[in-house]
Amino acid sequence: MAVTEFDGRKRVIIEDASPQVDGGRFPAKRVAGDAVAVEADIFADGHDLISAVVLHRHESETKWSEVRMRPLVNDRWRGEITVETIGFHHFTIEAWIDHYLTWRRDLAKRTADDLPVQLTIGAAMIRDAAQRANARDRKKLEAYLDTDDLEDLRSDALAALMHRNAERKFVTRYCELAIRVDRPKAAFSTWYELFPRSYGTFADVEAELPRIAKMGFDVLYLPPIHPIGVTFRKGKNNSVVAEPDDAGSPWAIGNNEGGHKSTHASLGTIEQFEHLVASARSHKIEIALDVAFQASPDHPYVRDHPEWFLHRPDGTVQYAENPPKKYQDIYPFHFESDAWKQLWDELRSVFAFWIERGVRIFRVDNPHTKPLPFWEWCIGALEREWPDLIFLAEAFTRPKIMDRLAKGGFTQSYTYFAWRNTAWELREYFEQITKPPVSDFFRPNAWPNTPDILTEYLQYGGHAAFTIRLVLAATLSANYGIYGPAYERFWHIAREPGSEEYLDSEKYEVHEWPPTDEDLSDFIALVNRVRRENRALQQNATLQFHESDNENILCYSKSAGDNVILAIVNVDPKNAHAAWLELDLDALQVDAVRPFQVHDLLSGARHSWHGARNYVQLNPAVVPAHIFRIRRRVRTERDFEYFL
């Protein structure tokens, strides 16, 4: 057995560095421009002082940059680096016994008879550092050799010179860790989902872009746009028998006109889709495509690559099922096939096909039903070629599987938000997913509804329920989305009691959306404008919950620099509620002895508050929430006060 080289003179121990995910097995996640706090436990035997640095570089660089770390408490150290470029950013930590700092600390404690020896020791360390230094630093260091002034020898200027030119003998180096740096939209995005076929063609979807942009959405997500199978086609409301004019489910992908690399003939051509992508960008909207790795019985893959599907003893292909549910119109891929490598390559090429046509954002259908190693390989390979990609995992499954999908490459993740209704449930859940270690790899994207999910809360809560869930999604999570126009039109009728399926669901039929006076669009636009204008709502790291004496009133804040937002939401859509709040004034950056102003960004009203304890009352029949901007008193040189 090979013996690892070991040097017992390396006395410094480095443990529990962060951010790291599963001991460095996966990268932590940040976006370009983020300041990253790197921390670790760093200590050694005895009483000698330690110096520590963070070494970091982008994957395209060979030279390491360096940031000095500072001790916090209890041997915890921190250094801050900024990641500017998308791709992978690597970092590690080095630490060593700093004999100069130890000598400097102890110099003030020395007795007079000990000073001559100590000055000789110090001069030797300075002389050695000067020999390692460049010409400019060497001259400065040599100037200290002629002094016995203790203040000069203990000055910060000399300490900085000595650190810059330290010998770093017997340095301990931590294992190398990685950060996946995405573009800013990975951390802050506003999604809108619609079915193109309900509008007609790609050109008809283009006509909807001004409306979607006006509401403040920057991602337009389209369910599958491919040819739809005929065999075992589902009818309206998921009927197993389809009428001749039934459109079928877009997720039953493929027929004799093509498959995953084709568009449905009624929607338009590939070129017309590319025109939609370009037109959306002109409205500052990106098109996100649904990628569903499954096939209808009529898909060309079934004919040309039968080895990619599981065949039953009678020779038929195994269709998708989740007993007692059966999906005869969908064939899942057989990932344990002997031809798995060829299957993986083909599925990767599906993404590449649409990337080359301008798509950079993908919502992936049911990724948890495909092998997790496939996603790690596939997303990794794609991001090496196109580092600006964003992948949203549509996985309402067990937490550990959702976590592994996020660790393995998915940029954003669906959440359990739709089923967290009480203030207590929301607080517990978001405290879990917005703080390390989970937040280092899991970016939530909160959806109050989807084509598959019409919660009981929305079915029976009335218009107020839609308003409440919108405010919660938009302010608790920096990424959120809605399925429209169902959402802004308060679509709330379930297929049958106890079901979360919509009656007359767009999943199985074309749905017309005639004009209506019952519409939440203006309020949605207002909330999204508040998000765009307040940096605090564009991240999750500073989410802080505040105490309320009413279990129906949820109170929380976010901050980014001096931009501080306080949200207060009545989560009961049927009844008015009042509460006394106990605010964390440090989180709000306000002085306990001075009044501060809360400016309601929804109503425009301004109120003067003082101290931690304040009163609110919210009626869901009017507006069930406040989104307050905290404004503090500022005094000018001429003794004039105003709120900032």
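Mind checking which residues of the range 195-242 are among the charged types (D, E, K, R) and either on the phi > 0 side of the Ramachandran plot or touching a strand residue (DSSP E or B) at 6+ places or on another chain (Cβ under 9 Å) (or both)?
Matches in the range 195-242: 208, 218, 234.
Can you name the residue in the range 341-373 that is of a type in the set (Gly, Ala, Ser) and in contact with a helix residue (DSSP H, G or I) (Cβ under 9 Å, 6 or more places away or on another chain) and, of all such residues, is nearest to residue 404 (Cα to Cα)?
In this case the residue turns out to be 352.
With the requirement that a residue be farther than 20 Å from residue 291 by Cβ and of a type in the set (Asp, Glu), what does the range 311-352 give you?
314, 321, 336, 338
Scan the range 11-19 and give yes if some residue there is among the hydroxyl-bearing types (Ser, Thr, Tyr) and at pLDDT 95 or above, otherwise no.
yes
How many residues are among the acidic types (Asp, Glu) and assigned to a helix (DSSP H, G or I) if we restrict to the range 155-172?
1
Which one of these is among the polar types (S, T, N, Q) and in contact with a Lys or Arg (Cβ under 8 Å, 6 or more places away or on another chain): 479, 445?
Exactly one residue qualifies, and that residue is 479.
Can you tell me which residue within the range 124-162, out of those that are of a type in the set (Gly, Ala, Ser) and surrounded by 17 or more Cβ atoms within 10 Å (Cβ to Cβ), is farthest from the chain's Cα centre (by Cα)?
The qualifying residue farthest from the chain's Cα centre (by Cα) is 130.
Search the range 448-467 for residues being touching a residue at least 40 places away in the same chain (Cβ under 8 Å) and not in a helix (DSSP H, G or I), and hand back the single one that is farthest from residue 22 (Cα to Cα).
Ranking the candidates gives 461 first.
Which residue out of 392, 343 is within 30 Å of residue 233 (Cβ to Cβ), surrounded by 19 or more Cβ atoms within 10 Å (Cβ to Cβ), in contact with a Lys or Arg (Cβ under 7 Å, 6 or more places away or on another chain) and at pLDDT 95 or above?
It is 392.
For the range 492-522, enumerate the residues that are closer than 25 Å to residue 445 by Cα and open to solvent by less than 40 Å² (accessible area, probe 1.4 Å).
The answer is 494, 499, 501, 502, 505, 506, 507, 520, 521.
Residue check: is residue 598 farther than 22 Å from residue 531 by Cα, at pLDDT 95 or above, touching a Leu at 6+ places or on another chain (Cβ under 8 Å) and of a type in the set (Val, Ile, Thr)?
In short, no.
Please determine, by comparing only the residues of the range 22-42 that are over 15 Å from the mean Cα position of the chain (by Cα) and β-branched (Val, Ile, Thr), which one is surrounded by the most Cβ atoms within 10 Å (Cβ to Cβ).
Here the answer is 38.
Check off (1) more than 24 Å from residue 186 (Cβ to Cβ); (2) open to solvent by 20 Å² or more (accessible area, probe 1.4 Å); (3) in contact with a strand residue (DSSP E or B) (Cβ under 9 Å, 6 or more places away or on another chain) for residue 84 and give me the number that stays unchecked.
(1)
Assess whether residue 479 counts as being under 30 Å from residue 381 (Cβ atoms), in contact with a strand residue (DSSP E or B) (Cβ under 6 Å, 6 or more places away or on another chain) and in contact (Cβ under 8 Å) with a residue 12 or more places away in the chain.
Criteria met by residue 479.
Results for (1) of a type in the set (A, V, I, L, M, F, W, C); (2) open to solvent by 10 Å² or more (accessible area, probe 1.4 Å); (3) under 15 Å from the mean Cα position of the chain (by Cα), shown as yes or no for each residue.
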| site | (1), (2), (3) |
| --- | --- |
| 388 | no, yes, yes |
| 428 | no, yes, no |
| 444 | no, no, yes |
| 474 | yes, no, yes |
| 480 | no, no, yes |
| 483 | no, no, no |
| 490 | yes, yes, no |
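Being open to solvent by 20 Å² or more (accessible area, probe 1.4 Å) and within 20 Å of residue 319 (Cβ to Cβ) is the filter here, so list the residues in the range 366-381 that pass it.
366, 368, 369, 371
Where in the range 522-615 are there strands (runs of 3 or more DSSP E), lying fully within it, with 1 or more residues that are of a type in the set (Val, Ile, Thr)?
Those strands (runs of 3 or more DSSP E) span 553-560, 563-570, 596-600.
Name the pairs whose Cβ atoms lie under 7 Å apart, with the first residue in the range 332-353 and under 22 Å from residue 229 (Cβ atoms), the second surrounded by fewer than 16 Cβ atoms within 10 Å (Cβ to Cβ) and among the β-branched types (Val, Ile, Thr), and 6 or more positions between them or separate chains?
Every condition considered, no pair remains.
Six or more apart or on different chains, Cβ under 8 Å: which pairs go from a residue in the range 243-270 that's on the phi > 0 side of the Ramachandran plot and in contact (Cβ under 8 Å) with a residue 12 or more places away in the chain to one that's of a type in the set (A, V, I, L, M, F, W, C) and surrounded by fewer than 17 Cβ atoms within 10 Å (Cβ to Cβ)? Could you list them?
Final answer for the pair search is 248/230; 268/203.
Can you tell me which residues in the range 622-643 are within 24 Å of residue 520 (Cα to Cα), modelled with pLDDT of 95 or more and of a type in the set (A, V, I, L, M)?
Those that are within 24 Å of residue 520 (Cα to Cα), modelled with pLDDT of 95 or more and of a type in the set (A, V, I, L, M): 625, 627.
Under 9 Å by Cβ, and 6 or more places apart or on different chains, what pairs join a residue from the range 591-612 that is among the polar types (S, T, N, Q) with one that is assigned to a loop (DSSP other than H, G, I, E, B) and surrounded by 12 or more Cβ atoms within 10 Å (Cβ to Cβ)?
608/595
Identify, by number, the condition in (1) buried (at least 23 other Cβ atoms within 10 Å of the Cβ); (2) touching a Pro at 6+ places or on another chain (Cβ under 7 Å) that residue 418 doesn't meet.
(1)
Residues in the range 282-296: is at least one out of contact with any helix residue (DSSP H, G or I) (no Cβ under 9 Å at 6 or more places or on another chain) and over 23 Å from residue 378 (Cα atoms)?
No; the residues of the range 282-296 include none that is out of contact with any helix residue (DSSP H, G or I) (no Cβ under 9 Å at 6 or more places or on another chain) and over 23 Å from residue 378 (Cα atoms).
The values are calculated or read from the model by the stated rules, or taken from the named source; none is laboratory data. Worth saying up front: this structure is predicted, and the values here are computed from it rather than measured. Cβ: placed from backbone, ideal geometry, glycine included. Neighbour counts: every protein chain shown. Heads up: the accessible areas ignore ligands, DNA and RNA and are worked out on the full protein's heavy atoms, side chains in. Shrake-Rupley method; radii C 1.70, N 1.55, O 1.52, S 1.80 Å.
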